[in-house]
Amino acid sequence: MKFFVDTADVKDIRELNDLGLLDGVTTNPSLILKAGRDIVEVTKEICSIVEGPVSAEVTATEYSAMMKEAAALSKIADNICIKLPLTLDGLKACKALTSDGHQTNVTLCFSANQALLAAKAGATFVSPFIGRLDDIAVDGMDLIREIRHIYDNYGYETEILAASVRTVNHVKEAALIGYETEILAASVRTVNHVKEAALIGADVVTAPPATLKALVKHPLTDKGLETFLADWAKTGQKIA
Ligand code: E4P
């Protein structure tokens, strides 16, 4: 499973990336507000830290304006993934951008039918929001389960007939683009959300830095290490 961090805080991103555990980053307008920085400037910095996809969200709500913003965002770096809302205009933009070779993340997904549309629009990622469903007493994890089931039913790997091929690189590029929509479990609040999403088979989880760091914690690990270190000290030995 891939781990994306859901933040625009470069300090946290750097720290997680240095651990070698980070596969990508997701941002949204609220996270940009929280970071208190210019969107282009901070996104550029994030893209220079992390090799994987960095989701940057459009804020326009109408197709042409979305496409204009997507063009500006995609210029920031090669690893930009354009994040679009799950609306009809967002889906139309997703289809156009994906067909044009861009990575896309369709966000604000709250139903299996919406996820079905995202896959049909060729989204690279679909982002079902677990926590926000839990907030209204609906089990967010059920949504992940439903989407996994539906995607597996149809093998959502839209087949592309790469035509007008002239070079071996055309073939490689067509293979690299692929059209498989991945399930990105978002709005994660707890370590149990991560575990359940992994058990169900979500492709990616995006979680706040504190949640990702908390994954390592277990009281028996701490206790065991304490005992090992105490016993080791008693041996009077040194390894190096
Ligand atoms: C996903 O990409 C969103 O940015 C994020 O996970 C939303 O999480 P929240 O519901 O905690 O704001």
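A compact table of results
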| quantity | calculated |
| --- | --- |
| Residues satisfying the stated conditions in the stretch 50-61, i.e. more than 14 Å from the ligand (Cβ to nearest atom), modelled with pLDDT of 95 or more and either crowded, with 21+ Cβ neighbours inside 10 Å or of a type in the set (V, I, T) (or both) | V50 |
| Contacts under 8 angstrom Cβ, first residue in the stretch 89-105 being of a type in the set (S, T, N, Q), partner in a helix (DSSP H, G or I) and within 16 Å of the ligand (Cβ to nearest atom), 6 or more apart | T104/C94 |
| Whichever residue in the stretch 28-40 is surrounded by 13 or more Cβ atoms within 10 Å (Cβ to Cβ) and free of Cβ contacts under 8 Å to residues at least 40 places away in the same chain and, among such residues, is nearest to the ligand (Cβ to nearest atom) | L31 |
| Matching residues, the stretch 124-142, being part of a helix (DSSP H, G or I) and open to solvent by less than 10 Å² (accessible area, probe 1.4 Å) | I130, G131, G140, M141 |
| Test: residue in the stretch 41-49 that is free of Cβ contacts under 8 Å to residues at least 60 places away in the same chain, buried (at least 18 other Cβ atoms within 10 Å of the Cβ), more than 15 Å from the ligand (Cβ to nearest atom) and more than 18 Å from the chain's Cα centre (by Cα) | no |
| Subset of the stretch 173-185 that is modelled with pLDDT under 85 and open to solvent by less than 60 Å² (accessible area, probe 1.4 Å) - its residue that is nearest to the ligand (Cβ to nearest atom) | L184 |
| Number of positions in the stretch 193-202 that are open to solvent by 40 Å² or more (accessible area, probe 1.4 Å) and either modelled with pLDDT under 85 or among the aliphatic types (A, V, I, L, M) (or both) | 3 |
| Members of the stretch 92-110 that are away from the ligand (no atom under 16 Å from the Cβ), closer than 22 Å to P29 by Cβ and not in a helix (DSSP H, G or I) | H102 |
| Verdict on L33 being of a type outside the set (V, I, T) and more than 16 Å from the chain's Cα centre (by Cα) | yes |
| So L116, is it more than 16 Å from the ligand (Cβ to nearest atom), closer than 24 Å to M1 by Cβ and surrounded by 15 or more Cβ atoms within 10 Å (Cβ to Cβ) | yes |
| So S64, is it open to solvent by 10 Å² or more (accessible area, probe 1.4 Å), in contact with a strand residue (DSSP E or B) (Cβ under 7 Å, 6 or more places away or on another chain), at pLDDT 95 or above and more than 16 Å from the ligand (Cβ to nearest atom) | no |
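The values are calculated or read from the model by the stated rules, or taken from the named source; none is laboratory data. This is a predicted model, so every value here is computed, not measured. Note: ideal-geometry Cβ built from the backbone for every residue, glycine included; neighbour counts use all protein chains shown. Heads up: the accessible areas ignore ligands, DNA and RNA and are worked out on the full protein's heavy atoms, side chains in. Shrake-Rupley method; radii C 1.70, N 1.55, O 1.52, S 1.80 Å.
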